[in-house]
Amino acid sequence: MRAWKDVLVVCPHERDRRAVQAAGLDSRCGVRFAGPDLDTIDRVDAASLLAELEAIPADAVVASKDRSALLAAVLAERRGLPGPAPAAVVRCQHKPSSRRLQQTAVPEATPRFAELDGAPPPFPPPFFVKPVVGRLSQNARRVDSLSALAAIPPEPGYGEGWADIAALAGFPARAAHGYIAEELLVGDEVTLEGFVRQGQVTVIGVTDSVKYDGTNSFERFEYPSRLEPDRLAELREVAERLLPAVGFDSGFFNVEFVVRAEGPAKILEVNGRIASQFAPLVQAVHGRSTYDVLFAVAAGEDPGWTDEAPEGVAVSYVMRVFEDAFVAGVPDQENGVEVLVQPGSRLAVQGANDAQSYRLAIFYESGETREEVVERCQARARELRRRFDLRPLPTPGGEPRPPRPARG
């Protein structure tokens with residue numbers, strides 16, 4: 001990275017700041033952080049925010065969350081800077097658009113799907129239902145009967161805020177609302193991450209997603225994947241066909257797959273952004289952060305990524321509880337731990353949670369073997385959990401609920 005490059009990080013969150021510092025990027029180029037963390041607000045005056053960002057000097061523009069990545073793409077296009085086309089980012093983020101493109105480009109990797117417009121999908125339950133625009137599995141759920149389909153609550157407000165930004169890319173706001181039903185997939189969930197530069201797809205690596213037993217909530221992410229070389233090659237080949245079909249270039253992407261015991265892997269979703277939670281994992285086993293590569297691509301430079309085998313294993317561990325509670329206290333901040341809740345309110349009104357659980361914190365560990373690192377993560381989670389003061393909520397009759405043991 002040339003020292004004179006000024007890189008604008010759009011609508012950053014604390015993980016961005018930590019990753020930039022951990023990679024030493026703030027000492028190698030001018031890094032500017034600007035704009036609110038869009039995950040903390042439902043709506044934003046997108047046009048006004050874009051105008052503010054346009055006034056900030058920058059030679060490259062990056063972002064790491066869905067809405068901020070779309071805003072960064074619009075900003076880069078208007079300023080003539082390298083970056084993915086806003087329309088390509090929209091095609092990734094708007095699930096019906098993404099599925100239609102997948103169906104054409106990689107039909108063998110595309111599950112059955114249908115937009116829900118008042119009629120049931122043309123395939124029977126069970127299936128999965130998701131908002132057409134969403135994040136972190138919010139309001140995504142398994143549906144086992146048509147009567148359960150009718151009981152799904154109104155979609156969350158995330159689509160409104162996304163539509164405000166997508167409108168800057170010419171996307172109609174009305175299409176940001178509603179649900180999509182998708183074939184229920186069973187298998188190992190993994191994420192392939194990489195970047196596209198000058199039409200060339202480069203794969204960084206594949207990370208395994210491991211869930212808490214008996215739930216659909218992620219416990220940890222392990223890098224590198226356990227998958228055999230032939231399955232890894234299959235995922236790479238799908239990505240190499242899919243990203244050009246989307247029109248995605250000059251940026252980072254990640255593709256979430258379900259790898260079944262038999263038959264081709266199926267795509268869960270495509271994200272036109274970096275997987276920020278995995279940056280410490282890549283840095284731990286490759287010695288280089290994906291943010292370093294992201295900055296180079298955004299500056300229009302060859303990042304010089306080499307496809308070398310990783311050394312060791314790294315894990316991102318997600319601490320969760322499975323009952324709502326009042327947060328009375330949280331641990332003091334410590335290196336390597338992202339505390340995701342604040343004292344003074346219920347878990348249900350804090351942060352981004354899935355349909356089954358509430359996230360408390362994320363931390364990272366690395367070592368020589370997978371078993372060693374996972375064992376260390378679970379021991380650390382048990383110790384850290386004791387430092388969260390979570391109070392049971394009253395039952396409808398006024399009696400406090402007995403505390404339910406935390407998992408992990």
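The values are calculated or read from the model by the stated rules, or taken from the named source; none is laboratory data. Because the structure is predicted, anything quoted here is derived from the model rather than measured. Cβ atoms come from the backbone with ideal geometry, glycine included; neighbour counts cover every protein chain shown.
Here are the numbers:
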read-out	value
Residue in segment 355-370 that is farther than 25 Å from Asp213 by Cβ and in contact (Cβ under 8 Å) with a residue 40 or more places away in the chain present	yes
Where Ala119 falls short, out of the listed (1) without any contact (Cβ under 8 Å) to a residue 24 or more places away in the chain; (2) of a type in the set (A, V, I, L, M); (3) under 30 Å from Glu234 (Cβ atoms)	(3)
Subset of segment 379-388 that is in contact (Cβ under 8 Å) with a residue 40 or more places away in the chain and out of contact with any Phe, Trp or Tyr (no Cβ under 8 Å at 6 or more places or on another chain) - its residue that is farthest from Phe218 (Cα to Cα)	Arg387
Residue under evaluation His177, criteria (1) in contact (Cβ under 8 Å) with a residue 24 or more places away in the chain; (2) surrounded by 17 or more Cβ atoms within 10 Å (Cβ to Cβ), criterion not met	(2)
Only one of Ser64, Ser48, Ser68 that is in contact with a Ser or Thr (Cβ under 7 Å, 6 or more places away or on another chain) and not hydrophobic (A, V, I, L, M, F, W, C)	Ser64
Pick from segment 339-371, criterion exposed (fewer than 15 other Cβ atoms within 10 Å of the Cβ) and among the charged types (D, E, K, R), ranking: farthest from Val285 (Cα to Cα)	Glu371
Residues of segment 4-24 that turn out to be touching a helix residue (DSSP H, G or I) at 6+ places or on another chain (Cβ under 6 Å) and either under 20 Å from Leu81 (Cα atoms) or not β-branched (Val, Ile, Thr) (or both), as a count	7
Subset of segment 286-330 (residues that are modelled with pLDDT of 95 or more and β-branched (Val, Ile, Thr))	Thr290, Val293, Val297, Val313, Val315, Val318, Val321, Val327, Val330
Set Leu232, Leu192, Leu242, Leu168: member being surrounded by 16 or more Cβ atoms within 10 Å (Cβ to Cβ), within 30 Å of Glu311 (Cα to Cα), more than 19 Å from the chain's Cα centre (by Cα) and not basic (Lys, Arg)	Leu232
Segment 318-338, residues that are surrounded by fewer than 14 Cβ atoms within 10 Å (Cβ to Cβ) and of a type in the set (Val, Ile, Thr)	none
Among the candidates Arg135, Arg99, residue that is part of a loop (DSSP other than H, G, I, E, B), among the basic types (Lys, Arg) and not assigned by TED's automatic domain parsing to the domain that holds Leu50	Arg135
Answer from Glu234, Glu256 - the residue that is part of a helix (DSSP H, G or I) and among the acidic types (Asp, Glu)	Glu234
Tally of residues being surrounded by 10 or more Cβ atoms within 10 Å (Cβ to Cβ) and at pLDDT 50 or above across segment 387-408	14
Residue pairs meeting the criteria (Cβ under 7 Å; at least 6 apart or on separate chains; first closer than 15 Å to Glu234 by Cα, in segment 256-283; second small (Gly, Ala, Ser) and in a loop (DSSP other than H, G, I, E, B))	Phe257/Ala265; Val258/Gly187; Val258/Ala265; Val259/Gly187; Val259/Ala265; Arg260/Gly187; Ala261/Gly187
Where a residue in segment 322-339 is in the same structural domain as Arg359 (by TED's automatic domain parsing) and its partner, wherever it lies, is assigned to a loop (DSSP other than H, G, I, E, B) and of a type in the set (Lys, Arg), with Cβ under 7 Å and at least six apart	Phe322/Arg404; Glu323/Arg404; Pro331/Arg387
Residue tally, condition crowded, with 18+ Cβ neighbours inside 10 Å, more than 13 Å from Tyr291 (Cβ to Cβ) and under 17 Å from the mean Cα position of the chain (by Cα), over segment 14-38	1
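The rows are residues; the columns are (1) in contact (Cβ under 8 Å) with a residue 12 or more places away in the chain; (2) of a type outside the set (D, E, K, R).
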site: Asp26; (1), (2): no, no
site: Ala34; (1), (2): yes, yes
site: Leu49; (1), (2): yes, yes
site: Val74; (1), (2): yes, yes
site: Arg78; (1), (2): yes, no
